[in-house]
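Notes follow once the structure below has been shown.
The values are calculated or read from the model by the stated rules, or taken from the named source; none is laboratory data. Quantities reported herein were computed from a predicted structural model and do not represent experimental measurements. Glycine gets a Cβ as well: all are built from the backbone with ideal geometry, and neighbour counts include every protein chain shown. For the accessible areas, the whole protein counts, side chains as well, though only heavy atoms, and no ligand, DNA or RNA atoms are used. Shrake-Rupley method; radii C 1.70, N 1.55, O 1.52, S 1.80 Å.
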Amino acid sequence: MFTEEQIQEIENASTADALRLVTARFPEETVFSTSLGQEDQVLTEMIAANKLPVRIFTLDTGRLFYEHYDLLEKTNARYKINIDVYFPEAPDVAAYVKEKGVNGFYESVENRKECCFIRKVKPLNRALKGAKVWITGLRSEQSDNRKDMKMIEWDEDRKLYKFNPLIRWSYDEMIGYIREKNIPYNPLHDKGFVSIGCAPCTRAIEPGEDPRAGRWWWEVSHKECGLHVHE
């Protein structure tokens, strides 16, 4: 467990030092889930550059953009790592498609959330099994649901710490770091795709739109898939 003093020390440290402190406390029990978004690419660079004992994994929903797979290969090659890939269970996908259709998620929020649960939440839970700390690339600016999240939170459902080292970073800080370190990123970001998910569920946003407007663009909801819902 983290003491209040340890949490305070982590929160006051630089991002790289905060990562070192957390992984030193839970070596080999800290995992990082990357969607290969820009925030996650920043964290991958920090973890790899500092040779931190963190297992990095990503979720392949089966409906991702080609650019995602290209970036995965480039990231593994650039940092000489091997990001673990977790897939949904084939019987779950087959049952959903048989009952709801290939694109049944367009028909209702409930259908979409069920698809996200099958393709994202269940694989995530498998990937987190045995972990004590889950590192994410969340930033408070990303959505209203995330603005009150803390740097370190206890996830009661999964019985682990959720560590959000970039939670206070601004978009400009993130972009500046990517340029400084020449970090590879998804070219779709340069085409108006701020938040990139599955191809059928993501579109580019217009200037002035909310960053999450391009996710599940056909529905009015909190724009979350269930991975990072903050009660």
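With respect to (1) among the aromatic types (Phe, Trp, Tyr); (2) free of Cβ contacts under 8 Å to residues at least 40 places away in the same chain; (3) closer than 19 Å to Pro187 by Cβ, the lone exception for Tyr96 is condition (3). Annotation note: Cβ proximity below 6 Å between a residue of segment 107-126 that is in contact (Cβ under 8 Å) with a residue 12 or more places away in the chain and a residue that is part of a helix (DSSP H, G or I) (sequence gap 6+ or interchain) occurs for Arg112/Phe105; Cys115/Phe105; Ile118/Asp92; Ile118/Tyr96. Can you run down the residue pairs with Cβ atoms below 7 Å, 6 or more apart or on separate chains, where the first is in segment 1-20 and hydroxyl-bearing (Ser, Thr, Tyr) and the partner is part of a loop (DSSP other than H, G, I, E, B) and open to solvent by less than 90 Å² (accessible area, probe 1.4 Å)? Every condition considered, the pairs that remain are Thr15/Pro165; Thr15/Leu166. Can you name the condition, by its number, that Leu72 falls short on among (1) within 15 Å of the chain's Cα centre (by Cα); (2) farther than 21 Å from Tyr177 by Cα; (3) part of a helix (DSSP H, G or I); (4) of a type in the set (A, V, I, L, M)? The number of the failed condition is (2).
Here's the yes/no breakdown for (1) loosely packed, with under 14 Cβ neighbours inside 10 Å; (2) touching a Cys at 6+ places or on another chain (Cβ under 9 Å); (3) modelled with pLDDT of 95 or more; (4) among the basic types (Lys, Arg):
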position: Gln38; (1), (2), (3), (4): no, no, yes, no
position: Thr44; (1), (2), (3), (4): no, no, yes, no
position: Lys51; (1), (2), (3), (4): yes, no, yes, yes
position: Leu64; (1), (2), (3), (4): no, yes, yes, no
position: Leu71; (1), (2), (3), (4): no, no, yes, no
position: Asn82; (1), (2), (3), (4): yes, no, yes, no
position: Pro88; (1), (2), (3), (4): no, no, yes, no
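Name every residue in segment 119-133 that is within 13 Å of Leu59 (Cβ to Cβ) and open to solvent by less than 30 Å² (accessible area, probe 1.4 Å), in order of residue number.
Within segment 119-133, the first condition is being within 13 Å of Leu59 (Cβ to Cβ), and the residues that meet it are 119-128.
Matches in segment 119-133: Arg119, Lys120, Val121, Pro123, Leu124, Ala127, Leu128.
Of all the residues in segment 171-194, those that are modelled with pLDDT under 95 and in contact with a helix residue (DSSP H, G or I) (Cβ under 7 Å, 6 or more places away or on another chain) number 1.
Just one of Glu9, Glu28 is at pLDDT below 95 and either surrounded by fewer than 17 Cβ atoms within 10 Å (Cβ to Cβ) or β-branched (Val, Ile, Thr) (or both); which is it? Break it down into steps so the answer makes sense when it comes.
Numbers: Glu9 fails: at pLDDT below 95.
Of the residues listed, the single one that is at pLDDT below 95 and either surrounded by fewer than 17 Cβ atoms within 10 Å (Cβ to Cβ) or β-branched (Val, Ile, Thr) (or both) is Glu28.
Criterion first (hydrophobic (A, V, I, L, M, F, W, C), free of Cβ contacts under 8 Å to residues at least 60 places away in the same chain, part of a loop (DSSP other than H, G, I, E, B) and within 27 Å of Ser195 (Cα to Cα)) does Ile81 satisfy it? Against the criterion (hydrophobic (A, V, I, L, M, F, W, C), free of Cβ contacts under 8 Å to residues at least 60 places away in the same chain, part of a loop (DSSP other than H, G, I, E, B) and within 27 Å of Ser195 (Cα to Cα)), Ile81 qualifies.
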